[in-house]
1. Per residue and in cubic angstrom, what volume does the convex hull of the Cα atoms of segment 116-179 have?
2. If R0 is 41 Å, what FRET efficiency do you get for D99 and A157 from their C-beta distance, rounded to 0.05?
3. Tell me what the chain gives for mean residue ellipticity at 222 nm when only DSSP H runs of n ≥ 4 count, each as -39,500 (n - 2.57), the sum divided by the residue total, rounded to 500 deg cm²/dmol.
4. Using every alpha carbon pair in segment 220-268, what percent of pairs falls into each 5 Å bin from 0 up to the bin containing the largest distance?
5. Taking the Cα-to-Cβ direction at F23 and at S169 and moving 7 Å from each Cα, how far apart do the two end points lie in nm?
6. Using Cα pairs under 8 angstrom and six or more residues apart, how large is the relative contact order of the chain, in percent?
7. Could you tell me which of Q237, L116, L189 has its Cα farthest along the dipole of the chain towards the positive end, charges placed at Cβ (Lys, Arg +1; Asp, Glu -1), taken about the Cα centre?
8. Which pairs, out of K140/K229; K190/K229; K140/K203, put more than 29 Å between their alpha-carbon atoms?
Amino acid sequence: MKVTLIISLLLYNILCYGQDNCFIYPEGSGNRKACELSYKAIELSQGSKESQLIFDAAIAIGPEYAWTYYEKSVPYFKRGFLTQGLHILNKAVKLKPLDYLCYRAYWYWQYQNYNLCIQDLETYYSLPKSYQQFTPGGEKDMRLILGLAYAKNNKYAKAIKTIEDCINSYESEDDIGLADYHSLGILYLKNKQYDNAINTLTKQLAIYDMIPDSYFFLGLAYKGVSDFKQAQVQFNQALIMFKDDQRYPNPNAGFRIYASDVEKEIDK
């Protein structure tokens, strides 16, 4: 079921950030011509000089066509040129905030500018027609990213409520992502709500148990309530999982740990 969910989310993101049907614009209009040129650009290698020149031509013909700015900005972000990417993407956000605010927030998150990430997501969710959006890879609801960004600013109570509300909004357990309870469990732990952390991370492992970090943070939660025997069990399991090639990398985890962190706890 979880595999089906991931595939669905990937398709969802393709639809969210995919290009319009050019035929919805009047023939000969700037938007129609920009749309048609943009289709030609995406057939070329992403970020190539040729594709970028075609996007520039599309922008010159149809400066109000937002998707061109979005697609032109993508290779800049992927190659680490945040300032240049934002300069282009900002125009798409201005034209269609409902479509591109979350994407810009995602890149603020990636580059650890949590204040601007929060600002964009709060703006987005205040819009009357805001809808459920996910990270570009499809693995996390953007409300989880908002909660994790609050946590990065040490606003744990606000972070917890944001992710609790997100999870509670789902119609069934099948809608919950592979690491949603993992994210919530970490926030309980950071807020020293150890019993809640234990319950939530245990629920995470019952739903999906291939994230090494989940065992590690569960171990810390048990350590917080002085159950050192169980803490040791979880740390050992985390170390075993780190050696498993099938483990889930958990993109956009927010709070990342490594095998060396587990080994330090075991040594203690």
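1. Residue-normalised Cα hull volume stands at 95 Å³.
2. The value I calculate is 0.85.
3. -21500 deg cm²/dmol
4. Binned Cα distances yield the sequence 5, 20, 27, 24, 17, 8, 1.
5. Placing both labels 7 Å beyond Cα along the Cβ direction yields 3.4 nm.
6. It comes to 11 percent, rounded to a whole number.
7. L116
8. K140/K229
Every read-out reported here was derived from the displayed coordinates using simple, explicitly stated rules and does not represent laboratory data. Quick caveat, the model's predicted, so the values are computed rather than measured. Please note: Cβ atoms are built from the backbone with ideal geometry, for glycine as well, and neighbour counts cover all protein chains shown.
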